[in-house]
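J.: First the structure, then my questions, so here it is.
The values are calculated or read from the model by the stated rules, or taken from the named source; none is laboratory data. The structure presented is a predicted model; accordingly, all values stated were derived computationally and were not measured. For neighbour counting, all protein chains shown are included, and Cβ atoms are generated from backbone atoms with ideal geometry for every residue, glycine included. Areas reflect the complete protein model, heavy atoms only, side chains present, ligands, DNA and RNA absent. Shrake-Rupley method; radii C 1.70, N 1.55, O 1.52, S 1.80 Å.
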Amino acid sequence: MPRIPDAHAETYGRFARGPALVREALAGTDPATLNRRPPGEDWSMRDVVIHLADAELVQAVRIRLLLAGDEPVLPIYDQDVWKRKLLYVFRDPEAAMSAFQQVRYGAAELLRECAPDAWERAGTHPQIGMVTVADIVGFGADHVDEHVAQLRVMRGESA
């Protein structure tokens, strides 16, 4: 039975807990707070949650390309363009949170079932070069941690 390699277990745990951390950071947030942009900032809590869902879709594709392909070139995107052109201001944050959770848990399930050497499968990210499945999982865990801290600050809590 495949298992998470010991070298990646901590990162995998952070990756799998991501949706719970975001839900915790959002707990009890009223709509006005969710939509408010802090002074000098261009992103609201709503924008962050929808960004997490969209980013997770790309990350899930990257993981699958790495697992199934031979040194694939991974897709990139511009988060600010997506925020504007994909109408974050009108999108439902709860639907986005649900999508984020489903996609992240699906990726976690897939990773849990992979052979240990699958974590070292590599491809090319056009902006950062060669990356492995393990790198992408680490980026995903860090991405959520950064945005959870951002959400807490936006709520007026310490990060």
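J.: Would you mind checking the tilt of helix 45-68 against the longest principal axis of the Cα atoms of the chain, expressed as 0 to 90 degrees and rounded to 10?
T.: 10
J.: Please say if the chain is rounded, prolate or oblate, where rounded means a/c under 1.5 for a ≥ b ≥ c the square roots of the C-alpha gyration tensor eigenvalues, and otherwise the choice is prolate for a/b larger than b/c and oblate otherwise?
T.: Because a/c hits 1.5 or more and a/b exceeds b/c, the chain counts as prolate.
J.: On to the next question. Using the basic label-point model (7 angstrom from Cα toward the beta carbon), what is the residue 98 to residue 23 distance in nanometres?
T.: Between residue 98 and residue 23, the simple spin-label model gives 1.3 nm.
J.: So, by mean Cβ neighbours within 10 angstrom, what's the order for 84-93, 107-116 with the highest one leading?
T.: 107-116, 84-93
J.: A further question on this structure: Using only DSSP helix segments of four residues or longer, with each worth -39500 (n - 2.57), what per-residue ellipticity at 222 nm results for the chain after dividing by its residue count and rounding to 500?
T.: Working: 6 runs with 97 residues, N = 159.
Result for the chain: -20500 deg cm²/dmol, rounded to the nearest 500.
J.: Per residue, how much accessible area does the range 29-152 show when a 1.4 Å probe rolls over the protein heavy atoms, in square angstrom? Please list the in-between numbers first.
T.: Numbers: 6230 Å² over 124 residues.
So the range 29-152 comes to 50 Å² accessible per residue, rounded to a whole number.
J.: How many percent of the accessible area of the chain is carbon or sulfur, using a 1.4 Å probe?
T.: Carbon and sulfur together cover 55 percent of it.
J.: With +1 on each Lys and Arg Cβ and -1 on each Asp and Glu Cβ, and nothing else charged, work out how big the dipole of the range 20-101 is about its Cα centre, in Debye to the nearest 20.
T.: On the way: 10 positive and 13 negative charges, 37 e Å.
With Lys and Arg at +1 and Asp and Glu at -1, about 180 debye.
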